Amino acid sequence: MHRIRILSVLLLAGFIATVPSRAQIGKTVMVAAGSEVDHQLNDISAATDPAAKLKLIDAFSAAHPEGDLQILVDEQYVNYYLSAKQYDKVFEYGGKLFALDPDNLSNAVNMVRAANEKGDPDRLFAAGEKASGILQRFKAQPPPAGTSPDAWKAEQQQKLEAVKDNRDYIEQSLMSTAYQQKDAAKRAAFLVRYANLFPDSPNAGQALGAAAVTYQQAQNRPKMLETANSALEKDPDSLSMLLLLADDYSEKNEQLDKAEAYAKKAASLCDTAKKPEGVSDADWQKQINLQKGLAFSALGEINLQKKMNPAAVDSLTKAAPLLKSNAPMYARNQYRLGFAYLNVKNTAGAKQAFTDAASVDTPYKGPAQESLKRMATAKAPAKKAS
């Protein structure tokens with residue numbers, strides 16, 4: 001959506017009054033209807049032959065090298081080269097336009113579109129950064145002289161509503177591009193960058209959560225912890241982040257009290273979570289079961305670390321049926337349960353738990369089989385192996 005800079009005029013009592021567009025963000029360049037500039041711009045707009053249109057733009061640029069009219073010149077070049085899919089030219093003239101009008105939101109939208117179409121994620125995020133800065137500066141602007149705070153607030157809101165489609169387009173472009181990155185580190189970095197550029201967006205928390213999971217998959221624990229905690233600050237009821245941190249802290253035997261609080265809160269949230277639209281009842285129940293199972297399993301591991309073995313048996317036993325649909329999580333839970341049973345002297349329970357852990361093809365199969373062998377040939381260890 002391009003800002004219209006050719007503005008109508010009202011002829012009243014011999015005076016020419018220009019009427020600015022209420023929706024634009026950036027400099028306003030007034031052009032009187034019927035003026036030479038107006039005719040030149042109309043000729044450019046009406047031209048259908050690309051070569052003829054470019055010649056008219058060149059002539060317009062040569063005729064008006066001065067001041068704010070160069071804003072109109074650069075806008076014409078940006079729009080022309082965007083239609084021609086000459087993206088390097090779009091970036092060239094877009095840069096010139098930003099030098100004259102740093103808060104030109106329409107230009108930022110065009111830069112995003114050009115980077116999207118060219119498939120250039122770095123330029124896309126640079127343009128998104130420009131757009132974010134423009135919006136933040138606009139929101140922070142004090143009322144102009146002679147305008148009351150209430151009237152200015154209403155005008156700001158009106159303009160922000162008018163550019164909502166543009167903002168949505170920019171956000172969706174950045175989010176989509178971030179998710180499409182094959183390199184995990186770059187994908188996570190883009191997601192975090194998006195969340196920082198649009199912190200008030202309802203998608204910001206989702207982006208941080210996805211980045212945290214990506215960092216976990218890339219085995220970058222420091223960045224995972226940093227990002228997950230940032231996501232939790234933004235949304236203290238983020239079920240996925242509560243589970244991620246509870247699971248990580250319990251596995252590493254760190255911050256066990258915090259991990260316990262997170263796991264208990266996650267289990268409670270599972271009981272009140274609302275099914276999203278478009279998700280079947282069966283799929284939703286499977287998801288909730290898995291999440292609640294992970295919460296109980298984390299609690300069981302925390303109890304093991306705290307040597308609260310009866311409580312560990314209770315939590316891990318509750319988790320088992322809920323995790324059955326996920327082989328790795330189920331095997332890990334049963335492996336933990338085997339040690340919890342050994343610690344309360346329940347050999348039969350330990351044997352069954354280790355057998356369950358060994359029954360599925362996961363990284364816990366070998367260790368569970370070794371535990372069963374030790375139980376068969378010697379006295380079982382009194383506590384969980386490191």
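The values are calculated or read from the model by the stated rules, or taken from the named source; none is laboratory data. Quick caveat, the model's predicted, so the values are computed rather than measured. Don't worry about glycine lacking a Cβ; one is built from the backbone with ideal geometry, like all the others, and counts go over all protein chains shown. Each accessible area value is taken on the protein alone, full model and side chains, heavy atoms only, with ligands, DNA and RNA left out. Shrake-Rupley method; radii C 1.70, N 1.55, O 1.52, S 1.80 Å.
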Please give the calculated 222 nm ellipticity per residue for the chain, where each DSSP H segment of at least 4 residues contributes -39500 (n - 2.57) and the sum is spread over every residue; nearest 500 deg cm²/dmol?
-23000 deg cm²/dmol
Just grab the label-to-label distance for residue 360 and residue 62, each label 7 Å out from Cα along the Cβ direction, in nm (one decimal).
7.5 nm
Which of the GluC sites (Glu not before Pro) found in the stretch 191-259 are in a DSSP loop and have at most 15 neighbouring Cβ atoms, other than their own, within 10 Å?
254
Considering only protein heavy atoms and a 1.4 Å probe, what is the carbon-and-sulfur percentage of the accessible area of the chain?
54 percent
Taking all pairs of distinct Cα atoms, average 1/r, flip it, and tell me the Kirkwood hydrodynamic radius of the stretch 243-345 in Å to one decimal place.
13.6 Å
How far is the Cα center of the stretch 273-343 from the Cα center of the stretch 178-248, in Å?
23 Å
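Kirkwood Rh, Cα Rg: Rg to Rh for the stretch 68-110?
Values: Rg = 9.1 Å, Rh = 9.9 Å.
With Rh from the inverse mean 1/r over Cα pairs, Rg/Rh is 0.92.
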Note down the nm distance, to one decimal, between modelled labels 7 Å out along Cα→Cβ at residue 255 and at residue 122.
3.4 nm
Please express the shape of the stretch 295-386 as an equivalent ellipsoid: the semi-axes are the square roots of 5 times the eigenvalues of the C-alpha gyration tensor, given largest first in whole angstrom.
18, 16, 10
Rg and Dmax in Å for the chain, alpha carbons only: what are they?
30.4, 108
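Once you order the gyration tensor axes a ≥ b ≥ c over the Cα atoms, which shape class does the stretch 85-218 get: rounded for a/c under 1.5, otherwise prolate or oblate by comparing a/b with b/c?
Details: a/c = 2.73, a/b = 1.41, b/c = 1.94.
Oblate shape, in that a/c is at least 1.5 and b/c is the bigger or equal ratio.
What shape does the stretch 175-242 have by the C-alpha gyration tensor, where a ≥ b ≥ c are the square roots of the eigenvalues, rounded means a/c under 1.5, and otherwise prolate means a/b greater than b/c and oblate the rest? If you can, show how the numbers build up before the last one.
On the way: a/c = 1.93, a/b = 1.13, b/c = 1.71.
Oblate, because a/c is 1.5 or more while a/b does not exceed b/c.
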Scattering curve values for the stretch 139-188, log₁₀ I(q)/I(0), Debye with Cα scatterers, q = 0.26, 0.29 Å⁻¹
-0.91, -1.00
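Please compute, over every Cα-Cα pair in the stretch 227-298, the percentage with a separation greater than 18 angstrom. Don't jump to the answer; show the numbers that get you there.
Values: 982 of 2556 pairs.
That fraction is 38 percent.
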Within the set 149, 50, 102, GNM on the chain using Cα springs under 10 Å gives the largest fluctuation to 149
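Using only the Cα atoms, work out Rg/Rh for the stretch 52-152, with Rh taken as the Kirkwood radius, to two decimals.
Numbers: Rg = 15.6 Å, Rh = 14.7 Å.
On the Cα set of the stretch 52-152, Rg over Rh gives 1.06.
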DSSP loop (so not H, G, I, E, B), at most 16 other Cβ within 10 Å: list which trypsin sites (Lys or Arg not before Pro) in the stretch 88-147 pass both filters.
none
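What is the stretch 273-320 by shape, rounded, prolate or oblate, if you read a ≥ b ≥ c off the alpha carbon gyration tensor as root eigenvalues and call it rounded for a/c under 1.5, prolate for a/b larger than b/c, and oblate otherwise?
Since a/c reaches 1.5 and a/b is larger than b/c, the shape of the stretch 273-320 is classed as prolate.
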Rounded to the nearest Å, what's the spacing between the alpha carbon centres of the stretch 20-88 and the stretch 136-159? Just the number, please.
28 Å
